[in-house]
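J.: I am attaching a structure below and will ask some questions about it afterwards.
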């Protein structure tokens, strides 16, 4: 008879700890997305590259030409109002509109960035899997 209350307490603890892990993962997502958005708003593409999954960065590194193109642009708006949407376990997707101004011509244009973020449970952090936004308009 005494085992039943003990089992109930243990079951409740497991549920609560599972909820805490989920809350920690969600808080980590919010922190990561805010940090990435702030980095992008400042137009700091070199720092933004550090949010990209290291394996993706190694497999598909941006060329020197790509990095020079990023230097020619200033971000005038980063609209992530739609927010992230879960797409799989440990994965969210987010669609962001980024307005860019060419520093040489002062012309502005928008690009849509389809972001895929993956949570790494071992490192307890979110990684951008989709890479930096495509600014070529192709």
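The values are calculated or read from the model by the stated rules, or taken from the named source; none is laboratory data. Note that the structure is a prediction, hence the values are computed from the model and not measured. Cβ coordinates were reconstructed from backbone atoms using ideal geometry, including for glycine residues, and neighbour counts include every protein chain displayed.
J.: Part of a loop (DSSP other than H, G, I, E, B) and either within 18 Å of the chain's Cα centre (by Cα) or farther than 19 Å from residue 31 by Cβ (or both), is that true of residue 106?
T.: For residue 106, the condition - part of a loop (DSSP other than H, G, I, E, B) and either within 18 Å of the chain's Cα centre (by Cα) or farther than 19 Å from residue 31 by Cβ (or both) - is met.
J.: Which of the residues belonging to the stretch 89-103 are out of contact with any helix residue (DSSP H, G or I) (no Cβ under 9 Å at 6 or more places or on another chain), part of a strand (DSSP E or B) and under 28 Å from residue 125 (Cα atoms)?
T.: Once the filter is applied, which keeps residues that are out of contact with any helix residue (DSSP H, G or I) (no Cβ under 9 Å at 6 or more places or on another chain), part of a strand (DSSP E or B) and under 28 Å from residue 125 (Cα atoms), the stretch 89-103 yields 91, 93, 95, 97, 99.
J.: Assuming residue 123 fulfils every condition listed in (1) surrounded by 14 or more Cβ atoms within 10 Å (Cβ to Cβ); (2) in a loop (DSSP other than H, G, I, E, B) apart from one, which condition is it?
T.: Failed condition: (1).
J.: Ok, one more. Kindly evaluate residue 112 against the criterion of being surrounded by 12 or more Cβ atoms within 10 Å (Cβ to Cβ) and either in contact (Cβ under 8 Å) with a residue 12 or more places away in the chain or under 21 Å from residue 35 (Cα atoms) (or both).
T.: No.
Listed here are the residues, each with its yes/no results for (1) modelled with pLDDT of 95 or more; (2) under 21 Å from residue 118 (Cα atoms); (3) surrounded by 10 or more Cβ atoms within 10 Å (Cβ to Cβ).
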{"position": "3", "(1), (2), (3)": "no, no, no"}
{"position": "20", "(1), (2), (3)": "no, yes, yes"}
{"position": "35", "(1), (2), (3)": "yes, yes, yes"}
{"position": "52", "(1), (2), (3)": "yes, yes, yes"}
{"position": "56", "(1), (2), (3)": "yes, yes, yes"}
{"position": "70", "(1), (2), (3)": "yes, no, yes"}
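J.: Further, regarding this structure: Count, please, the residues in the stretch 42-59 that happen to be over 14 Å from the mean Cα position of the chain (by Cα) and either closer than 12 Å to residue 78 by Cβ or not in a helix (DSSP H, G or I) (or both).
T.: 3
J.: Of the residues 112, 135, which is over 14 Å from the mean Cα position of the chain (by Cα) and part of a loop (DSSP other than H, G, I, E, B)?
T.: 135
J.: Evaluate the stretch 23-40: report whether one residue or more is touching a residue at least 12 places away in the same chain (Cβ under 8 Å) and over 14 Å from the mean Cα position of the chain (by Cα).
T.: Checking the stretch 23-40: at least one residue is touching a residue at least 12 places away in the same chain (Cβ under 8 Å) and over 14 Å from the mean Cα position of the chain (by Cα).
J.: Restricting the first residue to the stretch 117-131 and requiring it to be at positive phi and modelled with pLDDT of 95 or more, which pairs with a second residue that is crowded, with 18+ Cβ neighbours inside 10 Å and not in a loop (DSSP other than H, G, I, E, B) meet a Cβ separation below 7 Å and a spacing of at least six or different chains?
T.: Pairs that qualify, where the first residue is at positive phi and modelled with pLDDT of 95 or more and the partner is crowded, with 18+ Cβ neighbours inside 10 Å and not in a loop (DSSP other than H, G, I, E, B), are 131/52.
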